[in-house]
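See structure below.
FYI, it's all coordinate maths here, none of it is from the lab. Just so it is clear, the model here is predicted, and its values are computed rather than measured. Ideal geometry is used to build each Cβ from the backbone, glycine not excepted, and the neighbour counts take in all protein chains shown.
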Amino acid sequence: MRPETYTAWRRATAIPDLGGGGASVAPTLVELASKVAPGKAIVDIGPFLGSTTAYLAMGVIESGADVTIHSYDRWYSDYHLHKRAWKHAKVKLPKDDSFWKLWYANVIDLPVDIVSHKGDIYQAEEPMHPVGLLVDDVTSGEQALDSLFSIFAPDLVEGATVVMMDYFFYKQKTDRRFTETVRWFEDRNKVFEGPDPVTGARNTAATFIYRGGFNG
């Protein structure tokens, strides 16, 4: 392990998350990020305070490749998120305000090119790089998935890995968004090969391999 990787690991393990996050599947995130080819990008959806961002950065550090991480989040603490942050992470977010600076402070010292995109994820602009890895820790439901991949699928390279952190929530929760997620990927099983469960304490994440041909 490189000294920079060890430093990043210590940083990553200290970043609070919302009841799982990057820490629950950290080895997988590091491994997948380390395999992204030079010149390709990593898309990091919903990193909250930077847990997934930091573990992905570790993989890039280990590979030494020229890979940019594009992190997308609202970084806005509404009433619901304010309560969740305290319940799951004992973090007091500012009420009805941006907490982008908290994410930034957690990742700024990582020796990797990290670009933040603040705002509505489903109206975001694509990273303008070919994408070799996409990690999503926020999207569930048919409409949200349509929006997500209408933005990012055009930049996914064939063979790219897609990690859906909440895929197996349908086994634990009755919210129809989670059953819609399963059906959405099943209907596109020639485009997204999977799901493959990710080993980890959270046990809700799945990986898919993008085979190309997404058209909605």
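Mean-square fluctuations from a GNM of the chain, with a 10 angstrom spring cutoff on Cα atoms, peak among 143, 172, 123 at 172.
Shown in residue order for the stretch 69-74 are the 3J(HN,Hα) couplings computed by the Karplus curve 6.51 cos²θ - 1.76 cosθ + 1.60 at θ = phi - 60°: 9, 9, 9, 10, 6, 6 Hz (x for Gly and Pro). Estimated from helices alone, the mean residue ellipticity of the chain at 222 nm is -10000 deg cm²/dmol (sum of -39500 (n - 2.57) over DSSP H runs with n ≥ 4, per residue). Put a dot 7 Å past the Cα of residue 190, heading toward its Cβ, do the same for residue 115, and the two dots end up 3.3 nm apart.
Bridging of residue 92 to aspartates and glutamates at a Cα separation below 13 Å is possible for 17, 78, once same-chain residues fewer than 8 apart are set aside. Beyond 32 Å between alpha-carbons counts as too far, so tell me which of 35/90; 40/118; 90/171; 101/171 fall in that bin. Listed pairs above 32 Å: 35/90; 101/171. Where the centre of each part is set by its Cα atoms, how far does the stretch 116-151 sit from the stretch 68-111, in angstrom? Measuring centre to centre over Cα atoms gives 18 Å. Highest mobility in the GNM of the chain, judged by mean-square fluctuation with C-alpha springs under 10 Å and restricted to 187, 155, 73, is found for 187. Counting only Cβ charges, +1 for Lys and Arg and -1 for Asp and Glu, the dipole size of the stretch 7-107 around its Cα centre is about 380 debye. With a Förster radius of 30 Å applied to the beta-carbon distance between residue 173 and residue 209, the computed FRET efficiency rounds to 0.70. For the stretch 3-210, the relative contact order works out to 21 percent when only alpha carbon pairs closer than 8 Å and six or more residues apart are counted. Rg/Rh for the stretch 142-203 stands at 0.95; both radii use Cα atoms, and Rh follows the Kirkwood definition.
Taken about its Cα centre, the chain carries a charge dipole of about 820 debye when Lys and Arg each add +1 at the Cβ and Asp and Glu each add -1 at the Cβ. Among beta bridges identified by DSSP and lying wholly in the chain, the antiparallel ones come to about 30 percent.
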